[in-house]
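Please read the structure below before turning to the comments.
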Amino acid sequence: MSMQSNTSLSTASAKPDAKKRELLFHEIRAALHNPDALEDNILLNYVAALEKMLSVHDHVPILHYYIALASVRYAIRCIKQNDEVGTERSLDTAMEHLEKAIAMKSDFAEAYILEAYIHAQRIIASPADAMKYALRIAETLGKAKVTEPNNPRLHLVEGITSFIIPESFGGGIKKAIDSLKRAEQCFNTYKLESPMFPDWGREEVYAWLGKAAFEEENYGLAKQYYQHALSIKPDYDWVKNTLLVELNQKRP
């Protein structure tokens, strides 16, 4: 992923305020890669802090990206709580900022991938909309593949999509596993070009691989995948408090 110089949050004069903003940005970026450790109000405060940075750096697409990512993280919590209003509001906010990021940088693959991830979350929240959003996911990921065909998050989202939509719409567990395995391989060779760039999703690959193994009644393999996910992110709430609980109810 190659981003132009307008991603910088520093100024040529390196004023103290600019340095503070850059330090805060990196704090927020790191926190968003481990969101389960954050309280709801902290997530929302991070969105507000990033939006404040836009008043100074209004043409920096990566800022819009992280506002979108923070909003998606909050939306996922709303989905778990069956908060339809909060889910829609947060996902709409995320989409607005991704559209702005893409308008500034039309080949911003990570923005397309996150957009597809949002559509996948909409399917999870409302399975009846699977066909509508599956088509949008395919179109959006197609744009990301033009510049970053080996981006691990791209294949993660493909895997999630295949898992949550029926075979009649182009999904299915076998297809999901293939994409998730590809994501795993890509993560193993993936190198960040900049400390500002996104670096989320590795543990989620193993959570979904575990869920696929669970659906195939391979409970031992599912447990291995879940444990691997937790070795990457020990605070992973979905694995600890949902997937492992579900697994333990099935195992003797």
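Every read-out reported here was derived from the displayed coordinates using simple, explicitly stated rules and does not represent laboratory data. Predicted, not measured: the structure shown is a model, and the values here were computed from it. FYI the Cβ positions are ideal-geometry reconstructions off the backbone, even for glycines, and counts take in every protein chain you see.
One decimal place: the segment ALA37-LYS19 gains 3.9 nm when fully extended, by the rule 0.36 nm per residue minus the C-alpha distance. Between amide H atoms placed 1.01 Å from N, distances below 5 Å from GLU148 occur with no residue 5 or more places distant or on a separate chain. Ordering VAL85, ALA48, TYR112 by Cα displacement along the dipole of the chain toward the positive end leaves TYR112 in first place; charges were set at the Cβ atoms of Lys, Arg (+1) and Asp, Glu (-1).
For HIS57, the amide hydrogen comes within under 5 Å of no other amide hydrogen, counting only partners 5 or more places away or on other chains and with H modelled in the peptide plane. In terms of the mean number of neighbouring beta-carbon atoms within 10 Å, the peptides 136-148, 79-91 order highest first as 136-148, 79-91.
Scaled to the globular estimate 2.2 N^0.38 Å, the Cα spread of region 112-190, given as radius of gyration, is 1.01. Candidate membrane-span-like segments in the chain, meaning DSSP H helices with Cα atoms spread over at least 27 Å of their own axis and a Kyte-Doolittle mean of 0.0 or above, are 61-80, with no membrane implied. Cross-link check: pairs LYS145/LYS174; LYS132/LYS175; LYS145/LYS250; LYS105/LYS191; LYS174/LYS223; LYS100/LYS175 evaluated at a Cα-Cα cut-off of 27 Å; pairs beyond the cut-off: LYS145/LYS250; LYS100/LYS175. Contact order, relative form, for region 6-106: 26 percent (alpha carbon pairs under 8 Å, 6 or more residues apart, mean separation divided by residue count). Calculated mean residue ellipticity, 222 nm, the chain: -22500 deg cm²/dmol, from DSSP H runs (n ≥ 4) at -39500 (n - 2.57) each, averaged per residue and rounded to 500. Evaluated with a Cβ-only charge set (Lys, Arg +1; Asp, Glu -1), the chain carries a dipole of roughly 400 debye about its Cα centre, given to the nearest 20. Size of region 6-106: Rg and Dmax of its alpha carbons, in Å, are 14.0, 48.
Between the C-alpha center of region 204-252 and that of region 62-81 there is a gap of 23 Å.
Candidate values (1) 17.6, 53; (2) 18.1, 64; (3) 20.5, 71 were compared with Rg and Dmax of the Cα atoms in Å computed on the shown model; the agreeing label is (2).
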